[in-house]
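As structure tokens, the structure follows; a few thoughts come after it.
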Amino acid sequence: MNTHCNWLALVTCIVVTGCATTSKQEQEQEPPSESTVRILEEIGFTIIEDDQVGGDLQIQYDAALRMLEQGQYDQGVAALEAVAAAAPNLTAPLIDLGIAHHRAGNLEKAEEYLLQALAINPEHPSAHNELGIIYRETGRFEEARQSYLAALAIYPGYHHARRNLAILCDLYLADLNCALENYEAYMQTVPEDKEAEMWIADIRARLGQ
């Protein structure tokens, strides 16, 4: 089962593979699915999840993501919740639910789903990055730092997390050295970002460099 990568709008593509012929009894005996992170330096990382899922669930998932992309949040969330309930070992629908609730302004619910995803796969960089955003927006700045660092420990080239950490250090933690280090690392990946280039110049001026 393949997700729509454009919903996450990250350097992540989440791919779910499985078999539609497994019986319910056999599914109950299966161990929890495992997610793995495959690093592809030039294009980012890919999350591979294995679970016993069928074609109908794929159709439901695709429909849910289309609803969210079209701004139909209530319908999309309800559809994603059904998918998550049918495939409780998958992180992808949980992360999408976290993002959907975040966009709808329900940060508490967003955090809940992202933590559920990390309980399944603690090595999921997208979940760590999204959770860091939630922590920042709720004033938990040190927790946000740790979440971004966790994402970067898994994939150092994750430029969204790198930029988020730089902004956090710059605007919320007043840690200019951290901000400069991470802006510069971010620019290694996204050299065309003129805004970040200006931020680097500003920080260097404040540091007297």
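Here are some notes:
- Meets criteria (surrounded by 23 or more Cβ atoms within 10 Å (Cβ to Cβ), touching an Asp or Glu at 6+ places or on another chain (Cβ under 9 Å) and not hydrophobic (A, V, I, L, M, F, W, C)) for Tyr158: no
- Unique residue being out of contact with any Gly (no Cβ under 8 Å at 6 or more places or on another chain), in contact (Cβ under 8 Å) with a residue 12 or more places away in the chain and not in a helix (DSSP H, G or I) when the list is Glu184, Glu123: Glu123
- From the list Gly71, Gly76, the one residue that fits, being at positive phi and in the same structural domain as Ile47 (by TED's automatic domain parsing), is Gly71.
- Boolean, Arg103 is out of contact with any strand residue (DSSP E or B) (no Cβ under 7 Å at 6 or more places or on another chain) and surrounded by fewer than 20 Cβ atoms within 10 Å (Cβ to Cβ): yes
- Checking the stated criteria, Ala174 turns out to be on the phi > 0 side of the Ramachandran plot, at pLDDT 95 or above and more than 25 Å from the chain's Cα centre (by Cα).
- Which numbered condition Ile133 misses (of (1) at pLDDT 95 or above; (2) crowded, with 19+ Cβ neighbours inside 10 Å; (3) closer than 30 Å to Ala174 by Cβ; (4) outside the structural domain of Met187 (by TED's automatic domain parsing)): (4)
- Residue tally, condition of a type outside the set (Phe, Trp, Tyr), surrounded by 21 or more Cβ atoms within 10 Å (Cβ to Cβ) and in contact with a Leu (Cβ under 8 Å, 6 or more places away or on another chain), over region 137-151: 3
- Candidates Leu149, Leu97: the one that is under 12 Å from the mean Cα position of the chain (by Cα), of a type in the set (A, V, I, L, M, F, W, C) and assigned to a helix (DSSP H, G or I) is Leu97.
- Hey, Ala110 of a type in the set (Gly, Ala, Ser) and in contact with a helix residue (DSSP H, G or I) (Cβ under 6 Å, 6 or more places away or on another chain) or not: yes
The values are calculated or read from the model by the stated rules, or taken from the named source; none is laboratory data. None of these values were measured; they are calculated from a predicted model. FYI the Cβ positions are ideal-geometry reconstructions off the backbone, even for glycines, and counts take in every protein chain you see.
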